[in-house]
């Protein structure tokens, strides 16, 4: 049978039917071919039932690579990974909307100021997507490119340009996927496209370049620190969240300080960080996508936990206050269903829907009862970081016996032990 | 057959079995008795199948009422509705946890300073619950008590004391349930119980009393404005959210200004508001609880929309950025499933998971395609307010043809048309 790979367009024949679509990566269940149909729906076909597979079209390798753009030999060299989003888009004057660049080197034409700070050793576009369309396979594709750059002795650091909608999920995933980090990994973005007078793209990209050649070996998000065009923050990739739909200073540090403030003439360090070092970076991108994120609300039905536990291996549950859900005193007591789901093997981790602050289930007795069901309370971790971390932890089959321990291990500063109050 | 009411403990006999449990209010489907079992699960029994119903125990009417506590005849009279939560709890020194008051008048012993500002005409405790255990029937119970106070000519205003976890859902519900509002309705709370040195209860309750006799005829949340014990904010009940799990200044106005700042010696008005008036308040608490709140995240499965549309009449969907979900370009395109659910009758309303800012689906083409599926974009409304509003709008059967219009009608300032950016 023909060798096919995820991303290929194929035709599968079984006794009953012929199906044409794109083969999807299906690590979770290798007995099944998962096919994405033109309608957008996925269909699973048992490999045993397959009579014939035809390759219709090889996966288009969108990866566009340009190497070396040296303007001033004395400047350090960095790599840039372009993934789409507003920062690499232009206004389409026909529709009034925004559309993406088609080639990575167009970024130089848009932002020539960059070449006054750094040389570009490698610019690569592994795919172009609005960030709301990304998933863990995109996080892996980005991590794989970043790892190449970090283990290249002639590259000082990496910039990843990215859409804003889910950039904080990606920065969290990279914080876990890249172990023994040795150099700066800087994600940047823009909220308004570069051809608008109010665009934040230029300042963000310049500040990103400055951080990419700094001494900080962390995954960071760099972008506007205020609603003026005056400075950027470098924020910890695992403790950041988009907190405004349209403002230029949309990203805020959650339950911690910024790592640095970046001005036109200086960088002010404000938090602790790991320094640039000589380690070899290890790409550890194992991931299980059998995970979901659910928010508790008044009147939530207990049956949702049956549904979740039939489909997923782990969930992040956003609780109210210090870590509560409806319990005994409520008309719809969720504790029995949560306990049942956990007893049946679902990993249930809790975060806080207040966003700011730490969980403390011990203050009120219903919180203590919830803790007894086996829910793992994730301290002051954001829900977005928790989701990426849960997929990563569950992806490590050898960690099965110590999931709680791993979820509470502080891999990249995602838990702030010194958070006050 | 014996007359039974929601809240009664009953035994139902059918041909097949005998079931004992508490009867639940089941407006949505009057053909079914819904029984809450001891295990916490609910079971539905067709009325046609019932042979016999026995009343085991009448519903305990927890309502404790005390009338008139006049200390200084010259002070205005207000009513207080006590519903539980930390503000009406004390530390239990045996467990180190917190437990609720059992009688409403204990509130006077805890906070005697209150009597220097107001007289209490009526203090009532319709139930005592931690707020994470409340649902729409509790919102109705509170609204019904508030309406009595507002239509009592000798009562200047109302204070509702409430747990913090879901107080912003309740304040949103009251904002819709109480039409033609004529006097102040002030919800207050404490983050730390009154016997702790750092308690915020005293200042919150005193400021709440000041607002309850003010000129502002709005549903408001009153509580600490800073981490010091210096002033309180009065925040619009439909535009407020708990934004910290433990700090005293946990509640923040979302996409608007505060209505007032309350200092020890003055009240500073900062936003527009309705003034005290002579209208008769109308209690309009129709509500459909066939609603759910769901947050989009990278990798979300499209099948969840099939599940939701099989169980609910309406959902609030928290989107990323300006109003996006994974679409055509993603491995898991959600648009076909959302469209199918809407075509099958599910009302899908969108809010913004950035919390701050307004939705604008028109900037990017996937947003425009999402809008075409029939999703109702709720401007800058919070998800919590949107959930309460959706249940209220769907509860009005005569609004079935104009659900979108009603969801976008600005009933209590829940949409800020003047929000900048």
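Evaluated against (1) on the phi > 0 side of the Ramachandran plot; (2) in contact with a helix residue (DSSP H, G or I) (Cβ under 7 Å, 6 or more places away or on another chain), residue A:347 falls short on exactly one condition, (1).
Could you check the stretch B:143-163 and list, in sequence order, the residues that are surrounded by fewer than 24 Cβ atoms within 10 Å (Cβ to Cβ), part of a loop (DSSP other than H, G, I, E, B) and in contact (Cβ under 8 Å) with a residue 60 or more places away in the chain? Result: B:151, B:152, B:154, B:155, B:156.
Of all the listed residues (B:245, B:199, B:193), the sole one being without any contact (Cβ under 8 Å) to a residue 60 or more places away in the chain and surrounded by fewer than 24 Cβ atoms within 10 Å (Cβ to Cβ) is B:199.
Within the bounds of the stretch B:277-285, is there any residue that is without any contact (Cβ under 8 Å) to a residue 60 or more places away in the chain, in contact with a strand residue (DSSP E or B) (Cβ under 6 Å, 6 or more places away or on another chain) and more than 14 Å from chain A (Cβ to nearest Cβ)? Checked the stretch B:277-285: no residue is without any contact (Cβ under 8 Å) to a residue 60 or more places away in the chain, in contact with a strand residue (DSSP E or B) (Cβ under 6 Å, 6 or more places away or on another chain) and more than 14 Å from chain A (Cβ to nearest Cβ).
Scanning the stretch A:166-187 for residues that are in contact with a strand residue (DSSP E or B) (Cβ under 8 Å, 6 or more places away or on another chain) and not in a helix (DSSP H, G or I) turns up A:166, A:178, A:179, A:180, A:181, A:183, A:184, A:185, A:186, A:187.
Residue count for the stretch B:367-404, restricted to those that are part of a helix (DSSP H, G or I), within 12 Å of residue B:349 (Cα to Cα) and more than 17 Å from the chain's Cα centre (by Cα): 4.
Could you list, in sequence order, the residues of the stretch A:330-344 that are more than 7 Å from chain B (Cβ to nearest Cβ) and touching a helix residue (DSSP H, G or I) at 6+ places or on another chain (Cβ under 8 Å)? A:334, A:337, A:338, A:340, A:341, A:344, listed by residue number. Just one of (1) within 11 Å of another protein chain (Cβ to nearest Cβ); (2) touching a strand residue (DSSP E or B) at 6+ places or on another chain (Cβ under 6 Å) fails for residue B:262. It is (1). Residues in the stretch B:318-329 include at least one that is under 26 Å from the mean Cα position of the chain (by Cα) and either under 21 Å from residue A:314 (Cα atoms) or not assigned by TED's automatic domain parsing to the domain that holds residue B:403 (or both). Please indicate, with yes or no, whether at least one residue in the stretch A:120-142 is touching a strand residue (DSSP E or B) at 6+ places or on another chain (Cβ under 7 Å), buried (at least 22 other Cβ atoms within 10 Å of the Cβ) and more than 30 Å from residue B:367 (Cα to Cα). Yes, the stretch A:120-142 contains a residue that is touching a strand residue (DSSP E or B) at 6+ places or on another chain (Cβ under 7 Å), buried (at least 22 other Cβ atoms within 10 Å of the Cβ) and more than 30 Å from residue B:367 (Cα to Cα).
Can you name the residue in the stretch B:11-43 that is exposed (fewer than 13 other Cβ atoms within 10 Å of the Cβ) and closer than 22 Å to residue A:306 by Cα and, of all such residues, is modelled with the highest pLDDT? In this case the residue turns out to be B:38. Of the residues B:255, B:274, the single one that is more than 8 Å from chain A (Cβ to nearest Cβ), out of contact with any helix residue (DSSP H, G or I) (no Cβ under 7 Å at 6 or more places or on another chain), surrounded by fewer than 21 Cβ atoms within 10 Å (Cβ to Cβ) and at pLDDT 95 or above is B:274. When residue A:362 is tested against (1) within 12 Å of chain B (Cβ to nearest Cβ); (2) crowded, with 21+ Cβ neighbours inside 10 Å; (3) touching a helix residue (DSSP H, G or I) at 6+ places or on another chain (Cβ under 7 Å), exactly one condition is not met: (2).
From the list A:327, A:412, A:310, the one residue that fits, being touching a residue at least 24 places away in the same chain (Cβ under 8 Å) and within 13 Å of chain B (Cβ to nearest Cβ), is A:327. The residues of the stretch B:219-235 that are out of contact with any helix residue (DSSP H, G or I) (no Cβ under 8 Å at 6 or more places or on another chain) and crowded, with 24+ Cβ neighbours inside 10 Å, listed by number, are B:233, B:235.
The values are calculated or read from the model by the stated rules, or taken from the named source; none is laboratory data. Every value quoted in this text rests on a predicted model; they were computed, and no experiment measured them. A quick note on method: Cβ atoms are made from the backbone with ideal geometry, for glycine too, and the neighbour counts reach across all protein chains shown.
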